[in-house]
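Read through the structure below, which is laid out as structure tokens, and then see the notes.
The values are calculated or read from the model by the stated rules, or taken from the named source; none is laboratory data. Being a predicted model, the structure only gives us computed values, none of them experimental. Here Cβ is always computed from backbone atoms with ideal geometry, including for glycine, and neighbour counts include all displayed protein chains. All accessible areas refer to the heavy atoms of the entire protein, side chains included, with ligands and DNA or RNA removed. Shrake-Rupley method; radii C 1.70, N 1.55, O 1.52, S 1.80 Å.
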Amino acid sequence: MKEYYTVYETGKFEFHVNLSLIIFIIMLVAFSYVVIHNFKYKTTLSGESFRKDVIVERFLSMIGLIITFSIFLIFIVVNVIDYSFIKKSYHNNDYSVVEGEIENFIPMKIEGHSQESFIVNEIEFSYNRSNPKYGYHLPKIDGGHITGNGQYVKISYITYNNQNIIIKLELVKYNSYN
């Protein structure tokens, strides 16, 4: 029987959600400031054409803020949905476990936004650092624990949106026996 030690276990979801909420609040304050500023600010200039330019400028800035605010709101909603599903599955022990040797390991390239991928007992895993999910996503080039073919691992994972998300990664202790 192999003995394992845990090198990664998910569960610290709150950081991503709290960070998103803080940014959302900052954007809401900025949006409110612009709206209030636009209502309070009175144009005292005499030129009619200049007044129209000011109105157009304010209108375009409001449209830009509304679009930015909407995109960020959609981003937060999608993040919270992902977060809720993964957290619920994790806490309810509703996940799968695979154990075996890593095969077909393809490390992330240093220069690009490629993915790192591998297979364990016909279960495929892939991740990258530029689009982290709520699971393990530390590539080998950044000091990740998955280092290559033949490495024996035990992985707990959730399948979400056709992707296997690693929620727990365990490695074999060196003094273990087969």
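Within region 114-163, considering only strands (runs of 3 or more DSSP E) that don't extend past its boundaries, which have at least 1 residues that are in contact (Cβ under 8 Å) with a residue 60 or more places away in the chain?
Correct list: 152-160.
Out of 6, 10, I need the residue that is under 15 Å from the mean Cα position of the chain (by Cα), at pLDDT 70 or above and closer than 30 Å to residue 174 by Cβ. Which one?
Working: 6 fails: under 15 Å from the mean Cα position of the chain (by Cα).
Answer to the check: 10.
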Any residue that is open to solvent by less than 70 Å² (accessible area, probe 1.4 Å), out of contact with any helix residue (DSSP H, G or I) (no Cβ under 8 Å at 6 or more places or on another chain), modelled with pLDDT under 90 and under 24 Å from residue 2 (Cα atoms) - is there at least one of those in region 150-168?
no
If we ask which residues in region 81-101 are surrounded by 15 or more Cβ atoms within 10 Å (Cβ to Cβ) and farther than 28 Å from residue 122 by Cβ, their number turns out to be 1
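Given the criterion acidic (Asp, Glu), farther than 19 Å from residue 159 by Cβ and within 21 Å of the chain's Cα centre (by Cα), identify the matching residue among 57, 111. Spell out how you get there, then give the answer.
On the way: 57 fails: within 21 Å of the chain's Cα centre (by Cα).
Among 57, 111, only 111 is acidic (Asp, Glu), farther than 19 Å from residue 159 by Cβ and within 21 Å of the chain's Cα centre (by Cα).
State the number of residues belonging to region 72-103 that are assigned to a strand (DSSP E or B), over 14 Å from residue 140 (Cβ atoms) and not hydroxyl-bearing (Ser, Thr, Tyr).
Count: 6.
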Would region 106-125 turn up any residue that is at pLDDT below 90, within 14 Å of residue 10 (Cβ to Cβ), crowded, with 18+ Cβ neighbours inside 10 Å and in contact with an Asp or Glu (Cβ under 9 Å, 6 or more places away or on another chain)?
no
Expected output for region 7-26 (first residue within 13 Å of residue 167 (Cβ to Cβ) and open to solvent by less than 70 Å² (accessible area, probe 1.4 Å), partner modelled with pLDDT of 70 or more and assigned to a helix (DSSP H, G or I), Cβ below 7 Å, 6+ apart or cross-chain) is 10/90; 11/90; 13/83; 13/87
Residue by residue through region 126-149, note down the ones that are among the polar types (S, T, N, Q), open to solvent by 40 Å² or more (accessible area, probe 1.4 Å) and farther than 25 Å from residue 173 by Cβ.
130, 131
